[in-house]
Protein chains: 2
Amino acid sequence: MSEHPLDAIFHPRSVAIVGLSSSPTARPTGFLAGLLDQGFPRDRIYPVNPRATEVAGLPCYPTVLDCPDPVDHVISIIPRTGAADLLAQCIQKRVRSVHFFTAGFSEVGDPALAAAERAMVKAARAAGVRLIGPNCMGLYVPSAHLAFSAGFPKEPGHVFALSQSGVNASAIIDGLSARGVRLSKCVSFGNAADLAAPELIGYAAADPESQVVVAYLESVRDGRALFEAIRRCARVKPVVLLKGGITEAGARAARSHTGSLAGSAAVFEALCRQTGALHAETMEELHDLTVALTTQLRTVAGPRTVLMGNGGGFSVLSADALAREGLDLPELNEATQAVLREHVPEAGNSIRNPIDAAFVDGPRQRVAEIVLATVAEAPGFDLVVTTADGPDALPPPRAPGDAPPPPSTLPVQPPQLVVAATFADVQDRTGRPLALVRRTRDHNPADGFTVQTYRRGVAVFPSVARAARAVALILRWRCQREGLPPLV
Amino acid sequence: MSEHPLDAIFHPRSVAIVGLSSSPTARPTGFLAGLLDQGFPRDRIYPVNPRATEVAGLPCYPTVLDCPDPVDHVISIIPRTGAADLLAQCIQKRVRSVHFFTAGFSEVGDPALAAAERAMVKAARAAGVRLIGPNCMGLYVPSAHLAFSAGFPKEPGHVFALSQSGVNASAIIDGLSARGVRLSKCVSFGNAADLAAPELIGYAAADPESQVVVAYLESVRDGRALFEAIRRCARVKPVVLLKGGITEAGARAARSHTGSLAGSAAVFEALCRQTGALHAETMEELHDLTVALTTQLRTVAGPRTVLMGNGGGFSVLSADALAREGLDLPELNEATQAVLREHVPEAGNSIRNPIDAAFVDGPRQRVAEIVLATVAEAPGFDLVVTTADGPDALPPPRAPGDAPPPPSTLPVQPPQLVVAATFADVQDRTGRPLALVRRTRDHNPADGFTVQTYRRGVAVFPSVARAARAVALILRWRCQREGLPPLV
């Protein structure tokens, strides 16, 4: 663990939640439910409400000052009008950090409220207290048993996420979790009155628990500091940036959301190019790039693609989708075609590239395995894109401490596990990156097979077009990084 | 019913399937399973196999000539080498149509096999027998109890689909079914040796059961006839075209798939522009356009959009997505904002447009309903895009004759039905088209709420970006159609 000053903020030993509902019998919701779901020690959670002595079975205190020592972190869900007084109490209590879910400050567009926000930051900084927000969801740190919502994975991972939007922080966590990706930390930091993107990205760069950094940003208030932080971070780990408010309409929405003055698309594109960051245009691209960057696909060195798919018309549309992103589908050489013809005698033209072979249950499965192993070693190619159809039945793997699956979850299907292992074995043995495209009848990319395969280091995408886009963005990024030190 | 000569092909009274597995006890699969699943009369299905007397409980005949009279339609799943002899028997038996699932003809790239295909067409035409294929899946006609696979909806609808690819025919049917769309007919016609796109589109144009025509095409062999057929059809009903092989790599794949010589993107784009057809670039766009064209969204007259969404950061990204497709988000006028402020007192800037209001369970629901009713009547707008979050629990509605839902399906949730009705009521009352964006935690667009809402005439999309794209394509199409007679 590094000695970065923000480390303590991400690992509080105790948390007070100020403004919880006063009903002693209510089921925990929101922030309290998040902490309990993650297994934060119950005796270090301090509900604060002057009109209650107990909340959801926990002793409740009238003010922060009445809580047992020490209170490291405070979550404020009270209305705006009480925020300044609460901060004064927190300073007196010598807490480390205050997270204001409380909104109604600079994002409203009223100069008086913006001034109130600045005054709180000034007071906090003078006392050495850090503010998160206001107008945000705060912290998700599975290794510290922190979460701002129930249902997030308990298992820590290696992706650091920061988001100026709470909804988009959840979209990052949910979208990545469904694909099997786990996070080291996520911070939703709203108006960024105190803790802002440059400092958080600097922390992520130094954090040994974080190997990839993804960010949803709205403001570029301190452009120079942000540029420098991204540039430094991108030298040592991949950084994916999704910028909200990149169009005029989006920028207007951003102003009323976090009071951000958004920059233009061209400016942001230049920032990514010059810093070596990856630019995601949509939330889905952020998810896809994170999958690619945390698997072997991160090493893809060029556009020459072998495509294995089930069905001629699907292959035709897939070839179009790959070509639209600038990927090539050169013909396999005669030697490789000869090997394939031995195993797929009825092949005809369908073994040149694209190749008609399917990972589906049944006897064709073995043929597909041989074809994959053959084309993964074919000279002159940079990656293999292959479909992986089949039953939607495999439940996601469980981490120690996760709740048992609901009764409706179907049992693990060993054939699918074998297929997941086959993909990983071929990729490990040949060193050639694979991109799997998961086609299920219900179009749900978040099934257990996807997660099991990803866990073995193979990137899985919900469509050929999205796989192709991710590969194209990775290739562009690798060009931009040329001359920089190699990533670990 | 019109008297079009192809009507009889789409409504056979009896079907022989030649080349079925000879095991009398095997469970029906493939084409036989499709017919039985649709409820085609068992005593009009004739399995043909010289080595069996019974297949899946049905009497089996040694040849087509041995089947009871009349045999209207024959499905061939025998190897290529027997195809010509089978056709000779079919001619002798005076069948109307032969569907060759059998492949291995012109698509292989061998001149001798292409000549064999041409010879079969010549023989069939001389005898007045129509060929479907070869190398295709054939017919899905729910009103005639025909299907090439089990699991397709039994309920007929008003969308006519044609596809040169069997896999893409299934992708059209499955993808549309999941969204609630039902088909009048679908024909997978492979190499198009006899029945080809121009004639099929001409039939679709005249078919009173079909209101929208969607096509996956690979070849433009008879360009002038195709152009004329599309132009005539597009004058009377919307036509959506998805062209495979539009890039060089895709064209190479198409050659080995259906032996098609594909045209360039520019040529095809010009064809769509000049004929008044809609050009879908991907299968997802074909689905989205079909949803849009079969709901009120078909009438959208301009780009001025009100966006209702849950969550500031989501609204920001959504505004960017709309702007990327050329849609506008003008501010609501002061009078409308004043009405909204009465109902959303904490609104701040979030009622200008986009508007932060959510259709979720709970007390906020009622507020969202009022907001929707208000903005749908705001002057100066062309459509409302709104999210519809919530539980994923509503099962799709069942048609009479559909199998009962599996035991794992959750019961209908009345609140969601109420929400579906609310959207439809607002759209019907104001005449302003809605586009719903369904956000579920598992990213599955195919849930019951989606289907229930679509059934009430409201278009539902899996993301804002896809809704925006569909609207942009509809607007472009409406411009192209100016001067043409209005559609029914």
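The values are calculated or read from the model by the stated rules, or taken from the named source; none is laboratory data. Remember, it's a predicted structure, so these values are computed and weren't measured experimentally. Positions of Cβ are backbone-derived with ideal geometry, glycine not excepted, and every protein chain shown enters the neighbour counts.
Per the conditions (1) under 30 Å from A:Pro462 (Cβ atoms); (2) facing another protein chain (nearest Cβ under 8 Å), the sole criterion not satisfied by B:Arg352 is (1). Beta carbons closer than 9 Å, at least 6 apart along the sequence or on distinct chains, pair a first residue in region B:472-488 that is at pLDDT below 80 with a second that is hydrophobic (A, V, I, L, M, F, W, C) for B:Leu484/B:Ala234; B:Pro485/B:Val236; B:Leu487/B:Val236; B:Val488/B:Val236. Please determine, by comparing only the residues of region B:191-218 that are among the charged types (D, E, K, R) and in contact with a strand residue (DSSP E or B) (Cβ under 8 Å, 6 or more places away or on another chain), which one is surrounded by the most Cβ atoms within 10 Å (Cβ to Cβ). So the residue we want is B:Glu218.
All conditions in (1) surrounded by 24 or more Cβ atoms within 10 Å (Cβ to Cβ); (2) touching a His at 6+ places or on another chain (Cβ under 9 Å) hold for B:Arg273, with the sole exception of (1).
B:His287 meets all of the listed conditions (1) more than 14 Å from chain A (Cβ to nearest Cβ); (2) surrounded by 18 or more Cβ atoms within 10 Å (Cβ to Cβ) but one, namely (1). Scanning region A:296-311 for residues that are among the hydroxyl-bearing types (Ser, Thr, Tyr) and surrounded by fewer than 24 Cβ atoms within 10 Å (Cβ to Cβ) gives a single hit, A:Thr299. Each residue in region B:314-354 was checked for being over 33 Å from the mean Cα position of the chain (by Cα) and either more than 16 Å from A:Ser165 (Cβ to Cβ) or at pLDDT 90 or above (or both), and 21 pass. When B:Ala270, B:Ala254 are screened for being more than 9 Å from every other protein chain (Cβ to nearest Cβ), of a type in the set (Gly, Ala, Ser), within 26 Å of the chain's Cα centre (by Cα) and part of a helix (DSSP H, G or I), only B:Ala270 passes. On the stretch given as region A:53-77, residues that are within 33 Å of the chain's Cα centre (by Cα) and at pLDDT below 95 total 4. Scanning for something assigned to a helix (DSSP H, G or I), buried (at least 24 other Cβ atoms within 10 Å of the Cβ) and hydrophobic (A, V, I, L, M, F, W, C), does region B:104-112 turn up at least one residue? No, region B:104-112 contains no residue that is assigned to a helix (DSSP H, G or I), buried (at least 24 other Cβ atoms within 10 Å of the Cβ) and hydrophobic (A, V, I, L, M, F, W, C). Of all the residues in region A:65-77, those that are of a type in the set (A, V, I, L, M), closer than 25 Å to A:Ala115 by Cα and either in a helix (DSSP H, G or I) or in contact with a strand residue (DSSP E or B) (Cβ under 6 Å, 6 or more places away or on another chain) (or both) number 2. Condition test on A:Arg273, is it under 19 Å from A:Ala192 (Cβ atoms) and modelled with pLDDT under 95? No. If we only count strands (runs of 3 or more DSSP E) wholly inside region A:135-196, which ones have 1 or more residues that are charged (D, E, K, R) and more than 13 Å from chain B (Cβ to nearest Cβ)? Output list reads A:183-188. Quick check on region B:286-313: of everything there that is outside any strand (DSSP E or B) and more than 30 Å from B:Tyr216 (Cα to Cα), which residue is nearest to the chain's Cα centre (by Cα)? Within region B:286-313, the match that is nearest to the chain's Cα centre (by Cα) is B:Asn310. Just so you know, in region B:456-479 the residues that are hydrophobic (A, V, I, L, M, F, W, C) and farther than 23 Å from A:Gly250 by Cα include one that is surrounded by the fewest Cβ atoms within 10 Å (Cβ to Cβ), and it is B:Cys479. Note on region B:274-285: residues that are touching a residue at least 60 places away in the same chain (Cβ under 8 Å) and in a helix (DSSP H, G or I) total 3. Only one of the numbered conditions (1) surrounded by fewer than 19 Cβ atoms within 10 Å (Cβ to Cβ); (2) at pLDDT 95 or above; (3) within 14 Å of another protein chain (Cβ to nearest Cβ) is not met by B:Leu242, and that is (1). The residues in region B:86-103 that are of a type outside the set (Ser, Thr, Tyr), surrounded by 14 or more Cβ atoms within 10 Å (Cβ to Cβ) and either part of a loop (DSSP other than H, G, I, E, B) or not assigned by TED's automatic domain parsing to the domain that holds B:Leu20 (or both) can be counted, and the count is 4. Residues in region A:295-314 that are touching a residue at least 60 places away in the same chain (Cβ under 8 Å) and out of contact with any strand residue (DSSP E or B) (no Cβ under 6 Å at 6 or more places or on another chain): A:Gln296, A:Arg298, A:Thr299, A:Ala301, A:Gly302, A:Phe314. Within this structure, A:Ser188 fails the test of being within 14 Å of the chain's Cα centre (by Cα), modelled with pLDDT under 95, surrounded by 24 or more Cβ atoms within 10 Å (Cβ to Cβ) and not hydrophobic (A, V, I, L, M, F, W, C).
The set of residues from region A:100-114 being within 13 Å of another protein chain (Cβ to nearest Cβ) and of a type in the set (A, V, I, L, M) comprises A:Ala103, A:Val108, A:Leu113, A:Ala114. Per the listing B:Ala205, B:Ala123, B:Ala161, the residue uniquely closer than 26 Å to B:Ile45 by Cα and in contact with a Cys (Cβ under 6 Å, 6 or more places away or on another chain) is B:Ala161. Among residues of region A:320-344 that are within 13 Å of chain B (Cβ to nearest Cβ) and surrounded by fewer than 18 Cβ atoms within 10 Å (Cβ to Cβ), those with a beta-carbon under 7 Å from a residue that is part of a helix (DSSP H, G or I) and at pLDDT 95 or above at least six positions away or on a different chain give the pairs A:Gly326/A:Ala472. Screening A:Ala270, A:Ala323 for residues that are within 30 Å of A:Glu482 (Cβ to Cβ) and either among the polar types (S, T, N, Q) or assigned by TED's automatic domain parsing to the domain that holds A:Ala468 (or both) leaves exactly one candidate, A:Ala323.
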